[in-house]
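First up is the structure itself, then whatever we jot down about it.
The values are calculated or read from the model by the stated rules, or taken from the named source; none is laboratory data. Note that the structure is a prediction, hence the values are computed from the model and not measured. Using ideal geometry, Cβ is built from the backbone for each residue, glycine included, and neighbour counts are taken over all protein chains shown. These area figures cover heavy atoms from the full protein model, side chains too; ligands, DNA and RNA do not enter into them. Shrake-Rupley method; radii C 1.70, N 1.55, O 1.52, S 1.80 Å.
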Protein chains: 4
Amino acid sequence: MNHKNKDDYISLRGLFPPVPTPFAGNEKLALTHLKNNLTHLNNFDLQGYVILGSNGEFVMLTEKEKIEVLNTARAAIPSDKLMIAGTGCQSTQETVRLTKLAAGIGANAALIITPSYYKRQMSSDVLINHYLEVAKESPIPIIIYNMPACTGIDLTAETVATMAKNPNIIGIKDSGGNITKMAEIMRATGSNFQILAGSGGFLLPALSVGARGGVMALAIIAPDQCQQILEYFQKGDHQKAQNLQVKLVPVNAAVTSRWGVPALKAAMDYLGMYGGPVRLPLAPISEEIKQQLYAILEENEIKKV
Amino acid sequence: MNHKNKDDYISLRGLFPPVPTPFAGNEKLALTHLKNNLTHLNNFDLQGYVILGSNGEFVMLTEKEKIEVLNTARAAIPSDKLMIAGTGCQSTQETVRLTKLAAGIGANAALIITPSYYKRQMSSDVLINHYLEVAKESPIPIIIYNMPACTGIDLTAETVATMAKNPNIIGIKDSGGNITKMAEIMRATGSNFQILAGSGGFLLPALSVGARGGVMALAIIAPDQCQQILEYFQKGDHQKAQNLQVKLVPVNAAVTSRWGVPALKAAMDYLGMYGGPVRLPLAPISEEIKQQLYAILEENEIKKV
Amino acid sequence: MNHKNKDDYISLRGLFPPVPTPFAGNEKLALTHLKNNLTHLNNFDLQGYVILGSNGEFVMLTEKEKIEVLNTARAAIPSDKLMIAGTGCQSTQETVRLTKLAAGIGANAALIITPSYYKRQMSSDVLINHYLEVAKESPIPIIIYNMPACTGIDLTAETVATMAKNPNIIGIKDSGGNITKMAEIMRATGSNFQILAGSGGFLLPALSVGARGGVMALAIIAPDQCQQILEYFQKGDHQKAQNLQVKLVPVNAAVTSRWGVPALKAAMDYLGMYGGPVRLPLAPISEEIKQQLYAILEENEIKKV
Amino acid sequence: MNHKNKDDYISLRGLFPPVPTPFAGNEKLALTHLKNNLTHLNNFDLQGYVILGSNGEFVMLTEKEKIEVLNTARAAIPSDKLMIAGTGCQSTQETVRLTKLAAGIGANAALIITPSYYKRQMSSDVLINHYLEVAKESPIPIIIYNMPACTGIDLTAETVATMAKNPNIIGIKDSGGNITKMAEIMRATGSNFQILAGSGGFLLPALSVGARGGVMALAIIAPDQCQQILEYFQKGDHQKAQNLQVKLVPVNAAVTSRWGVPALKAAMDYLGMYGGPVRLPLAPISEEIKQQLYAILEENEIKKV
């Protein structure tokens, strides 16, 4: 492939909501709802979407379902917005295969989670080799996906910096929340490697050390507020940026670390999108937690649109 | 299904090697080697086999490959030996589907690993619900697979005891190595629930608190010695049992926690079976480690047969 | 000092209860109660005692108080029973000084916990150097104290084996519960190094891989039953040993990992010894937990004597 | 005591270097060097100092030594700069006693580390009770010290918010580096509770969510640069702030998480202050690491003054 400058290549500046995969009551794919949710989100100032991320319950889907989801999403996403496809698998060969399929469907980049099952064998060398192999074979650029809360693997800044030398590895979504490490990656890679905050809980701190934006569930239910944080930060209005970031922390926690995808889907239902059920073994949030969730949304002015 | 007494049902007393999945040089399945390895192992006093366990690189295989492996294995395993199939997936519905397929192929029991991706949501209730749902749908008995080193999830004794009340959940393979927890499970479940040591490093200690035997890589390369531990223990010859257990600790570590599946396969090659390559991102052990491995095998009298 | 053979030196075969430090209602030392508790325990078949261990709340005591406790204990412990003194501090120089003081008071050995505050700097080399320095200066033999639940440091088998080469380092109390590691230590050190189980939850499994006995809270409230486990094990009566070990697991958990020193002291009060209050910030167990504790004691036939 | 508004009380806005305790070659206190180091640091725009923090090797010192260090420091610190004294101990009563002694010597506030030995018993309630008890007895305001890398205890935002309601608990030094938690604390406590970054690795991100400044080793060797970060941030010049923060990350890591107090002392020696030896079991950095450290200092323009 033709390795251009990473910045020319594709810009990750901005917000990329990780879109949930909607299911019907029988746990089957509900693709019309996916289309409608995206049509709704297209009204906001978003740079693109992550399809088949953790909030997309990608580990719950068969390959056939993944293809259907990507096809539906691509049709609903305007060509001027990016579709980033989560295509990481435990084996390198499956990851390559799925990445090529996603590219064929029109994904603009692939988000590759760290393989994690054989944790003790996942040395820095082994992980670097995996990413370089995928990058070599992929027709689209690769974004590293560091998600220690789910994988138990936390890439070091040094490992990321080594991967970043490959021209087809253009950035990282870091959900670990270690801002010092983000600064280390920034220091080690320079401005040619694109860092994205992996959660709305630390968007502003991540921007402060050089992140371009974020991939975060919060951007699904509060896209305007997330965008405002970016703008206040750019303008150097650090007090307004701080106020808004601090205000959104409990909202973000509610739909991520605290109650997870089931709460994100419940919040979408509440706000007039389609959230719907999660797939087993994930369980819906209880009625009691649902009321707490609604209270948090209202208290922080997250409104139906 | 017809819920009989667990002991009548199926006895897990004895040894169950977790059989590696052989690949050719191009990473494709090498099923003839699987057949030959099993034919060799059939000569030993083993109660059965685990197919598609962690040592079987099950997370690296497509569903189609899993079916092929199970079919080949069943044909090579005599009917008086048990075939336990690893059929756990991240979603409950996939786990049920694969378990039914395995039952159709002739698996005698299914080894179900804890789903683990959404760790924060994997509460005791969520996990119990998953296992009960699989147990309800499965035509064959279920064995819980607790593997914290790979999943980051470590079932509590209380959670296991709740699951154990289901008549179709007959035992646990516990690879965590927390012997106190094994004793707690024994205390809470009584003699009707079958505990298997998940590693040869703690076979004897596990027996001391009531385990029936073990599922362990060590039984592939040292089946006679593992069997001897069982016999010394049964006879109350604790000094000989201790001597042998202590002697085997470095051998066991070499092919498990220390160097993993790549070393187990290298040891098989060394001992005249077919180990062959692992699938990427797993990497073969280096030449230097290979020599250390051989030295450990020789020093501890693990011999070609 | 005169470095004799470790076995001649001092034998750790048997049981060593870690004796709590009694306080009056105002949190001051209640030394008469310490004397009375020891007088009571002297009636049992115990090899000796640990004074100023974790159950002795050693981190809560000033140096002056430690000296008082050791003096009182030595006077109450017959000369044919060993007094092992907990003398580990964060600095090497303080550890040496306190160990010499304890030796002067008549301690037969010193139990030295791993320094742990600067965890990232506590490399194997740093820890080995600490123990060798203490061993060099100490007039009495040293027992390594590995207590990861409190220190966050978990010595590897290799590190312990290196320390064990020093003739004045005669054994280890391992409270980590990793039995495979105990077997590794046994393998690496041979019969000349004495391993003690650090909790009654894994006494029997530890014996199965070569431990000599144990230092455990359980031996304070159930000394006869602990002794019986040792005897059944020695006789090769593995079924009776197993039954008793499994039976004692919840009792042991209640006074250690589950509810800690406050529960151990409450159990002592219940059984006719003096437990009394703990020192702040430790809090007494609630009335509700007290009732659960009593029920566990009664259900498992732990009786007043 | 007279509970005024926290902001009137004492302002923690700015930088507070945690001053190392100098030792002579024989590990004895070298108080003249302490005085000289402080005299040097008084030339910079610092709000005050932490004496007897983790970098002060407080766990290595006897109570008598702690008093000597505080007396020497107070004499060397001008009255318009704050002396914050690390007075936390494992027991509540010792913590209270040492805090009163420090107040008598002229400490303006006490930095109280979480007690941590009995980790399993250190519930939120137990920790809150400890801090409230110390706050009640202390003549000077209390600053919570959260240091998970050393204590293994990581206070939750909710626990801190509960403590923050006490008027004598005025702030927190958080060394955990979890910026999302800092934002949660900010959200929960509002502007009346003062948050300090506990490491120079995340000073700027911490400021972005409302921290007032920091207690950090970096401020000893690069006080001007740290001060510049504060100023760029206040002015909204986020690009310059980012550049400087990112530049300082490897310097900060070198004297904290990577090589610890021994490296901080070596850096002080290199820069013309007195660092000197650490106390055993801490070990000096090797000659090789020393050269790496010097190279990092030079590369990032940390210069002798």
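Could you work out which residue, out of B:Thr21, B:Thr162, B:Thr87, moves most in a Gaussian network model of chain B, that is, has the largest mean-square fluctuation with Cα springs under 10 Å? In this elastic network of chain B, the residue with the biggest mean-square fluctuation among B:Thr21, B:Thr162, B:Thr87 is B:Thr162. In order along the range C:132-147, phi translates into HN-Hα couplings of 5, 5, 5, 4, 5, 8, 7, x, 10, x, 9, 10, 5, 10, 9, 9 Hz, rounded to whole numbers, per the Karplus curve 6.51 cos²θ - 1.76 cosθ + 1.60 with θ = phi - 60° and x for Gly and Pro. Could you tell me the calculated FRET efficiency between C:Arg120 and B:Arg258, based on Cβ-Cβ distance and R0 = 35 angstrom, to the nearest 0.05? For C:Arg120 and B:Arg258, the calculated efficiency is 0.90.
Closest approach to the axis carrying A onto B, counted by Cβ on chain A and given in whole Å with its residue, is A:Gly152, 2.
When only Cα pairs below 8 angstrom with a gap of at least 6 residues are kept, chain A shows a relative contact order of 17 percent. Backbone geometry of the range D:151-164 corresponds, through the Karplus equation with coefficients 6.51, -1.76 and 1.60 at θ = phi - 60°, to 3J(HN,Hα) couplings of 9, x, 10, 10, 4, 7, 4, 5, 5, 4, 4, 5, 4, 5 Hz, x marking Gly and Pro.
Helical content of chain D, expressed as a calculated mean residue ellipticity at 222 nm, amounts to -14000 deg cm²/dmol (DSSP H runs of 4 or more residues, -39,500 (n - 2.57) each, divided by residue number, nearest 500).
Would you check the accessible area of D:Lys100, probe 1.4 Å, heavy atoms only, in square angstrom rounded to 10? Approximately 90 Å² of D:Lys100 is accessible to the 1.4 Å probe. Return the FRET efficiency for the residue pair C:Lys240, D:Ser286: r is the Cβ-Cβ distance, R0 is 51 Å, and the value is rounded to the nearest 0.05. E between C:Lys240 and D:Ser286, to the nearest 0.05, is 0.40.
Give me a single rounded figure for D:236-244: the average over its residues of other chain Cβ atoms within 10 Å of their Cβ. It would help to have the intermediate numbers written out before the result.
Details: counts 8, 2, 10, 2, 0, 4, 7, 2, 0.
Averaged over the peptide's residues, the number is 4.
Divided by 2.2 N^0.38 Å, where N counts the residues, the Cα radius of gyration of the protein assembly as shown comes to 0.94. Residues whose amide H falls under 5 Å from that of A:Leu82, counting only those 5 or more places apart or on a different chain, are A:Gly48, A:Tyr49, with hydrogens built in the peptide plane.
Placing a pseudo-label 7 Å from each Cα along the Cα-to-Cβ vector at A:Ala24 and A:Thr156 gives an inter-label distance of 5.1 nm. In the context of the full set of protein chains, residues of the range D:153-305 present 33 Å² of accessible surface per residue (probe radius 1.4 Å, heavy atoms only).
Comment: the Cα-to-Cβ extended label point of C:Ala295, at 7 Å, lies 3.1, 5.7, 6.5 nm from its counterparts in the other copies, nearest first. For the range C:81-205, what relative contact order do you get, as a whole percent, if you take Cα pairs closer than 8 Å and at least 6 residues apart? Relative contact order for the range C:81-205 comes out at 20 percent. Just to be sure I understand: with springs between alpha-carbon atoms less than 10 Å apart, which residue in A:Tyr131, A:Tyr145, A:Tyr117 has the highest mean-square fluctuation in the Gaussian network model of chain A? Fluctuation is largest for A:Tyr117. Rounded to the nearest 10 square angstrom, A:Arg97 shows an accessible area of 100 square angstrom against a 1.4 Å probe.
Over the range C:166-305, consider all pairs of different Cα atoms and compute the Kirkwood hydrodynamic radius from their mean reciprocal separation; express it in Å, one decimal.
So the Kirkwood estimate lands at 15.9 Å.
With a 10 Å cut-off around each Cβ of D:45-55, the average count of Cβ atoms from other chains is 0. When all protein chains stay in place and ligands, DNA and RNA are ignored, the 1.4 Å accessible-area order of C:Arg187, B:Arg74, B:Arg13, largest first, is B:Arg13, C:Arg187, B:Arg74.
Considering only alpha-carbon pairs that sit under 8 angstrom and 6 or more positions apart, the relative contact order computed for the range B:187-302 is 20 percent. For C:Lys35, the label point sits 7 Å beyond Cα toward Cβ; its separations from the matching points on the remaining copies run 4.9, 8.3, 9.0 nm, from shortest to longest. What separates the D:Asn192 label point from its copies, with the point 7 Å along Cα to Cβ, is 5.3, 6.0, 6.8 nm, written shortest first. Computed from backbone phi with θ = phi - 60° and the Karplus coefficients 6.51, -1.76 and 1.60, the 3J(HN,Hα) list for the range A:168-181 is 8, 10, 9, x, 9, 9, 10, 9, x, x, 8, 6, 4, 5 Hz; x is used for glycine and proline.
Put the Cα centre of the range B:197-228 next to the Cα centre of the range A:7-74 and the gap is 47 Å. Nonpolar atom fraction for the range D:250-305, defined as the carbon and sulfur part of the 1.4 Å probe accessible area, stands at 53 percent. Under 5 Å from the amide H of B:Phe23 lie the amide H atoms of B:Ala30, each residue being 5 or more positions distant or on a separate chain, with H modelled from the backbone and absent for Pro and chain starts. I'd like the accessible area for B:Thr114: 1.4 Å probe, protein heavy atoms, all chains in place, Å² to the nearest 10. The accessible area of B:Thr114 comes to roughly 0 Å².
In Å² (nearest 100), what accessible area is buried between A and B, both sides summed, heavy protein atoms only, 1.4 Å probe?
Chains A and B together bury approximately 3300 Å².
Selection among C:Gly210, C:Val249, C:Gly198 by position relative to the dipole of the range C:180-305 gives C:Gly210 as farthest towards the positive end (Cβ unit charges, Cα centre).
Ranking C:Asp174, B:Asp80 from most to least accessible surface, computed with a 1.4 Å probe over the protein chains only, gives B:Asp80, C:Asp174. Here the calculated FRET efficiency for C:Glu231 and B:Arg13, from their Cβ-Cβ distance with R0 = 22 Å, stands at 0.25, rounded to the nearest 0.05.
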